[in-house]
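The next block holds one structure in the form of structure tokens; read it before the comments.
The values are calculated or read from the model by the stated rules, or taken from the named source; none is laboratory data. Quick caveat, the model's predicted, so the values are computed rather than measured. Neighbour counts run over all protein chains shown; Cβ positions are idealised from the backbone, glycine included. Surface areas here come from the heavy atoms of the whole protein model, side chains and all, with no ligands, DNA or RNA. Shrake-Rupley method; radii C 1.70, N 1.55, O 1.52, S 1.80 Å.
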Amino acid sequence: MTSAAPILQLTGIGKQFPGVTALDDVDLRVLPGEVHALMGENGAGKSTLIKVLTGVHPADSGTILLDGREVSFASPLEAQNAGISTVYQEVNLCPNLSVAENILLGREPRRFGRIQWKPMRRRAAERLAALDLDLDVTAPLSQYSLAIQQMVAIARALEVQARVLVLDEPTSSLDTGEVEQLFKVMRNLKDQGVAILFVSHFLDQVYEIADRMTILRNGRREGDYPTGELGQVELIAKMIGRDLAELERLEERPPARTTGTLLQADQLGRTGGIEPFSLTIREGEVVGLAGLLGSGRTEVARLLFGADHATGGSVTIDGTPVSLRTPQIAMTHKIAFCPEDRKADGLIPDLTVRENVVLALQARRGWTRPLPREQQAQLVDRYIKALKISPADPEQLVRNLSGGNQQKVLLARWLILEPRLLILDEPTRGIDVGAKAEIQRLVAELSDGGMAVLFISAELEEVLRLSHKVGVLRDRKLIAELPNDDTLTTEVLMQTIASGGRS
Amino acid sequence: MNRRLLWPAVVLALLLLLNLFFTPGFLSIEVKDGHFYGSLIDILRFGAPLVLVSLGMTLVIATGGIDLSVGSVVAISGALACLAISQGTGVLAAVALAVAVALVLGAFNGFLVAVIGIQPIVATLILMVAGRGLAQLITDGQIITVTDAGFKVIGGGYLFMLPFGILLALVVLAATVFLTRRLALGLLIESVGGNAEASRLAGLRSRGILITVYAFAALCAGIAGVMVASNVSSADGNNAGLWIELDAILAVVIGGTLLTGGRFSLGGTVLGALVIQTLTTTIYSIGVPPETTLLFKALVVAAVCLLQSAAFRARAFPRRERPVTQPVQDTTEVAR
């Protein structure tokens, strides 16, 4: 590695949002002509850092040096004009416009106010040729695959003589071949001296393309390392961290009093979502799913709840084949699901605690058989007490509750249906330590009472503490299923994730 | 009083006061020929079809949708009822036919939105345009006049000293309140409108709910259509219910239900419909020149909508004692 002067240097960046410190004294150095990976779990501050860098949010503190000069951008446009271009995860181009229009949108060559189509097409083709792409620039963008669209977005970003290109999870919706094509383009750019800041959740990809990486955790910088000098296990350890000591320990888990097989998935899978997997869940058993973000944890949960359609495989419940096509069908088999994104997929923020809690039960009864008000009040009161929901006001709007209490409302909605299998996708993410411990204790109690729980969490300690058995996922594949005996530790789990189950 | 109902109520009161200023005795109600009589009764009577259509519209808007076809349904149902009566069908059978056809048309709208997945504004635009033509086909391009005394009662008759139309609107209002607030339809509608994906994952059958809601909106429009036709003893495929969908949408918005869906307020909608009807009456009674009536109406509606906006009120009438929400933290003082 040459010790060239960094093209981009961020020093002591801090950013507060109401109630949270998103970034705390973060440094980042990117050298010209390198691919620099920005690593961290969800909520680590990657997106915030990129937004501060590209002028979406102002920084509360710290300095940004671009090519040695201090800069501060009031808008993404200013950042772009200074040479920092960003391509976001979702391609934000106009699918119904042509490739050429997309590349030069807002910068069309004009004469007397009228667009000159010929030079425009020529320039667009030149841009694409620089990326080794040969497309029909007059065709609408929507004709091309996501990978090509992604590259058109890059071509658009480079149209402004970018010196730093920020790629925010560009590969999350691409298949292997498309990723290769993108990497070819990235190497090409690298050779031209463009610095690339690359965000991805796929470890293999990072190790393939990145020269160095900066790791963020909980808004702080863990350090930066040349890719070759940091093993995958150490990387995962640094990303996930071990700051859970403040959580009270649960008592020693008794072995699951498993009585029988509840649910058995056989080669269940969904093209583009999760590779076919087989999984057995027994009554009273907590099955943990471990894996990094994007490894397919959520996809497993959604297939078992009927939120997505499986494209292959089969499921049996109590030995009887079932087809979990819709959430309603899953609910008749007493399966419940608390989704990862509480606000988008779980709660109705404008309705009250009471309404949110009785929603699933009411949906099952249909609108012609209303749940009597006294019964609603009783149920909601019982769960407000049992789960310590605060404020203890059934008529409070859910949007006014804290994250932990919102999670409890969602739990209450499903618990009143007395499910046999409770699927919890990241139930403790983004909530405070106290609520976290309560939810963990609740999971233990429910499984002692005979309920099966599928517990998904990015925090390996939590998964280990609660689960009787841990399924390990990586790159949309269930790669291992490990019994949680004394030999299973977070190190073993990280080792398994890192090795891809090959060892 | 519910805060959401406050502003439409204030506007309604102001409009009534304005009328009182121009027309002394505007608020008085007397008994003539054994029934109540007065400007207020007139507003209620002429406003009844709008109230009906607006009730249905409220539920559609609460799901995050919109129904542009209600005006055409008004015309179709009126035309069908008059055609049937003119051909010798009994009044009850004719009305039942008209309302049943309206229900089917509404279910068709719901099918387009919920099953085919067409955006509500486009899906209902189909029937808005086609429905007018259908109404003219039914009336054969003519105005069908009927002279059945029984039919006349629906829009022009009296019961318990009150115009029959007002009572009919009250019955539909009561039925709507019952369906949505006593039964659980309201909760499920607000849930689908508030967050469709979360509702699906909570096991709601949103298709069924959407079809029900669009069918209900058309049912209300069908009843309104019979009422309008009865009131003028004729069916006019061209003009019956013309632009009533826009007045209904306005009534819903003035009533405080958001076009984005979610929470809805039936009381607010009734107030909103009465505001619009009172406004129409006011325009005539205070002698606004005919060529500026639409402009006048638009100005008042704009004012009401601005008053409804909390952001606007905060700017227009700033309160002095705004509490400081967040104590300044040490970290922010260090910054820069």
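With both partners inside the protein assembly as shown, how many of the DSSP beta bridges are antiparallel, as a percent to the nearest 5? Please report the intermediate quantities before stating the final value.
Values: 53 of 87 bridges.
About 60 percent, rounded to the nearest 5.
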Along the charge dipole of the protein assembly as shown, which of A:I384, B:A84, A:T259 sits closest to the positive end, that is, farthest toward it, with unit charges on the beta carbon of Lys, Arg, Asp and Glu (+1, +1, -1, -1)? B:A84
Out of all DSSP beta bridges in chain A, what portion is antiparallel? Express it as a percent rounded to 5. 55
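Run the numbers on chain B and let me know its relative contact order in percent, using alpha-carbon pairs under 8 Å that are six or more apart.
Value for chain B: 32 percent.
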What is the average number of partner chain Cβ atoms found within 10 Å of a Cβ in A:323-334? 2
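Taking each residue in A:339-346, count the Cβ atoms of any other chain within 10 Å of its Cβ, then average. What number comes out? Before the final figure, lay out the partial values.
Values: counts 3, 0, 2, 1, 2, 4, 6, 5.
That works out to 3 on average.
Is the stretch B:38-163 best put as rounded, prolate or oblate by its Cα gyration tensor, with a ≥ b ≥ c the root eigenvalues, rounded for a/c under 1.5, and otherwise prolate when a/b is larger than b/c, oblate when not? Don't skip to the answer; put the middle values down first.
On the way: a/c = 2.32, a/b = 1.37, b/c = 1.70.
Judged from the Cα gyration tensor, the stretch B:38-163 comes out oblate (a/c at least 1.5, b/c at or above a/b).
Using only atoms on other chains, find how many Cβ atoms lie within 10 Å of each Cβ of peptide B:189-201 and report the average. If you can, show how the numbers build up before the last one.
Numbers: counts 1, 5, 8, 1, 2, 9, 9, 1, 6, 13, 5, 6, 13.
Per residue, the average neighbour count from other chains is 6.
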Go ahead and run the numbers for FRET between B:L162 and A:T326, Cβ-Cβ distance against an R0 of 41 Å, rounding to 0.05. 0.25
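Going from most exposed to least, what order do A:W414, B:W7 have by accessible area with a 1.4 Å probe?
Values: A:W414 5, B:W7 60 Å².
Output order, biggest surface exposure first: B:W7, A:W414.
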With +1 on the Cβ of every Lys and Arg and -1 on the Cβ of every Asp and Glu, and nothing else charged, how large is the dipole of the stretch A:24-64 about its Cα centre, in debye rounded to the nearest 20? 180
Per residue, how large is the accessible surface of the stretch A:8-240? Use a 1.4 angstrom probe and give square angstrom. 43
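Would you work out if the stretch B:158-243 is rounded, prolate or oblate? Take a ≥ b ≥ c from the square roots of the eigenvalues of the alpha-carbon gyration tensor; rounded if a/c is under 1.5, else prolate when a/b is larger than b/c, oblate otherwise.
Working: a/c = 4.34, a/b = 1.92, b/c = 2.26.
Verdict is oblate for the stretch B:158-243.
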Excluding B:I209 itself, what net charge comes from residues whose Cβ is under 13 Å from its Cβ, given Lys and Arg +1 and Asp and Glu -1? +2
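Could you grab the relative contact order for chain A? Cα pairs under 8 Å, six or more apart, rounded to a whole percent.
Details: 971 pairs, mean separation 71.9, N = 503.
14 percent.
List the longest stretch of chain A that has no exposed loop site; here a site is one of the trypsin sites (Lys or Arg not before Pro) assigned by DSSP to anything other than H, G, I, E or B, with at most 13 other Cβ within 10 Å. Please list the in-between numbers first.
Details: sites that count: A:R107, A:R242, A:R249, A:R257, A:R325, A:R502.
Looking at chain A, A:326-501 is the longest stretch - no exposed trypsin sites (Lys or Arg not before Pro) with at most 13 other Cβ atoms within 10 Å.
Kindly work out what percent of the DSSP beta bridges joining two residues of the stretch A:107-220 are antiparallel, to the nearest 5. Kindly include the intermediate steps, with their values, before the conclusion.
Details: 3 of 8 bridges.
Given both bridge residues lie in the stretch A:107-220, the antiparallel proportion sits at roughly 40 percent.
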Students sometimes get this wrong: rank B:D236, A:D266, A:D425 by accessible area, probe 1.4 Å, all chains present, largest first. A:D266, B:D236, A:D425
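Rounded to the nearest 0.05, what FRET efficiency is calculated for A:E395 and A:A74 with R0 set to 45 Å and r the Cβ-Cβ distance? Numbers along the way, then the final one.
On the way: r = 43 Å, r/R0 = 0.95.
In this case the efficiency is close to 0.55.
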Can you compute the FRET efficiency between A:E481 and B:V177 using 1/(1 + (r/R0)^6), with r the Cβ-Cβ distance and R0 = 41 Å? Round to the nearest 0.05. 0.15
Compute the distance in nm between two label points, each set 7 Å from the Cα along the Cα-to-Cβ direction, one at A:T261 and one at B:I29. 7.3
Return one whole number: the accessible area per residue of the stretch B:179-252 in Å², for a 1.4 Å probe. 31
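Calculate the tail of P(r) for the protein assembly as shown: the fraction of all Cα-Cα distances greater than 35 Å, expressed in %.
Values: 215906 of 351541 pairs.
Value for the protein assembly as shown (Cα pairs over 35 Å): 61 percent.
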The B/A contact buries a total accessible area, at probe radius 1.4 Å and rounded to the nearest 100 Å², of 2500
Max mean-square fluctuation residue, GNM over chain B, Cα-Cα springs under 10 Å, options B:I254, B:I223, B:I29: B:I29
Anything in chain B that counts as a DSSP H helix reaching 27 Å or more along its axis (C-alpha) with Kyte-Doolittle mean of at least 0.5? List them, would you? B:3-22, B:39-62, B:91-111, B:120-139, B:206-232, B:266-285
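Checking the a/c ratio against 1.5 first, then a/b against b/c, what shape does the Cα gyration tensor give for chain B? Please list the in-between numbers first.
Values: a/c = 2.15, a/b = 1.33, b/c = 1.62.
It comes out oblate by the Cα gyration axes.
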Rough spin-label spacing in nm, given labels placed 7 Å along Cα→Cβ, for B:T145 and B:L259: 4.1
Using a probe of 1.4 angstrom, how much of the accessible area of the stretch A:8-240 is carbon and sulfur, in percent? 46
List the residues of the stretch A:369-389 that lose 20 Å² or more of accessible area once all protein chains are present, compared with their chain alone (1.4 Å probe, heavy atoms only, no ligands or nucleic acids). A:P370
So the carbon and sulfur contribution to the accessible area of the stretch B:1-68, 1.4 Å probe, in percent, is 68
Extend 7 Å from the Cα of A:L65 along its Cα-to-C-beta direction; within the stretch A:186-204, residues with backbone N under 13 Å of that point are none
Dipole moment magnitude, nearest 20 debye, the protein assembly as shown about Cα centre, only Lys, Arg, Asp, Glu C-beta charged: 1920
